[in-house]
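For reference, the structure is listed below as structure tokens.
The values are calculated or read from the model by the stated rules, or taken from the named source; none is laboratory data. In this text the structure is predicted, and so the values were computed from the model without any measurement. Cβ coordinates were reconstructed from backbone atoms using ideal geometry, including for glycine residues, and neighbour counts include every protein chain displayed.
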Amino acid sequence: MTKHEIDGLLEKYAQWLKDNTFANQVGKDWVEITTPHLDRHNDCMQIYVRKTDGGYLLTDGGNIISDLANSGCPIDTPRRKGVLLSTLSGLGVELVDDELRVNATHGDFPLKKNNILQAMLAVNDLFYLSSPHAENFFKEDVAGWFDLSEIRYTPKVTFVGKAGFTHLFDFVIPKSRSMGERVVHTMSNPQRDYAQNMAFRWVDTKEIRETDSSFYVLLNDSTGDVPGKIIDALRNYDIKPIMWSKREEAKGELAA
């Protein structure tokens, strides 16, 4: 590979961007720029530009944050907001009323346009496509709901099962006068294999717990219905499934 070849590839890339980027007037003050970069829906990403006294304002129009919220991942907790702002600051992009924004001059417009596009892609991937983040965020949502509902709990509890295996559970609600111990785990992305793993954890654990100990699994159904096979698999092992959308129905039982 030579420098000459790289220069040629860069020229082709620049030409591809130019040929596949389109501007369209939107109202009196705004211009919509459609780019060839694709979002997770395979739609072309768009930014909006208007002239200011000092140059230009570029924004995503609030589309990225809104799409994530509609997909079950709102940026509504301090931890999520912190990760978001950290990601944006590295690209010089601001968050204003749920919009990703950046100011540009005539000279640095191409750089700032690239920065906001990179921010849009990064935020989308960071919060929606990264399952470790999604899993941690769902646990955070559950803990927040427990707090609001005055449900007493201990987070991240480890039990050693009958077979000698160590099992980590997300929450344990201690025994009360009216209810026994309640072990609670979360499933942010409900799948049959994970449900079977949950069943094994409980089978291995419940025999060494108190006789009135019970196991609940909170299932994240905010992005779609949970398959019936998963619910049946849990119930077959005396595990109580709770749909996140119907969590209020179980609040009394968990708070008792």
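Pairing residues of segment 183-198 that are assigned by TED's automatic domain parsing to the domain that holds R247 with residues that are part of a loop (DSSP other than H, G, I, E, B), at Cβ distances under 6 Å and at least 6 apart in sequence or on separate chains, gives S188/N220; P190/V226.
Restricting the search to segment 201-221, which residues are under 26 Å from D67 (Cβ atoms) and touching a helix residue (DSSP H, G or I) at 6+ places or on another chain (Cβ under 6 Å)?
Step one: filter segment 201-221 for residues under 26 Å from D67 (Cβ atoms), giving 218-221.
Passing the criteria: L218, N220, D221.
Name the strands (runs of 3 or more DSSP E) wholly inside segment 1-107 in which the number of residues that are out of contact with any helix residue (DSSP H, G or I) (no Cβ under 6 Å at 6 or more places or on another chain), over 30 Å from S188 (Cβ atoms) and modelled with pLDDT of 85 or more is 3 or more. In segment 1-107, 22-26, 30-38, 44-52, 55-59 are the strands (runs of 3 or more DSSP E) which contain 3 or more residues that are out of contact with any helix residue (DSSP H, G or I) (no Cβ under 6 Å at 6 or more places or on another chain), over 30 Å from S188 (Cβ atoms) and modelled with pLDDT of 85 or more.
Here is a yes/no grid of residues against (1) touching a residue at least 40 places away in the same chain (Cβ under 8 Å); (2) under 16 Å from F109 (Cα atoms); (3) exposed (fewer than 14 other Cβ atoms within 10 Å of the Cβ):
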| site | (1), (2), (3) |
| --- | --- |
| T2 | no, no, yes |
| H37 | yes, no, no |
| N42 | no, no, yes |
| M45 | yes, no, no |
| T52 | yes, yes, yes |
| D60 | yes, yes, no |
| I64 | yes, no, no |
| G72 | yes, no, no |
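Find the residue count for segment 212-246, including only residues that are in contact (Cβ under 8 Å) with a residue 24 or more places away in the chain and either outside any helix (DSSP H, G or I) or surrounded by fewer than 18 Cβ atoms within 10 Å (Cβ to Cβ) (or both).
Narrowing segment 212-246 to residues in contact (Cβ under 8 Å) with a residue 24 or more places away in the chain: 212-223, 226-227, 229-230, 233-234, 236-245.
Next, only the ones that are either outside any helix (DSSP H, G or I) or surrounded by fewer than 18 Cβ atoms within 10 Å (Cβ to Cβ) (or both) stay: 212-223, 226-227, 229, 236-243, 245.
The number of residues fulfilling the criteria is 24.
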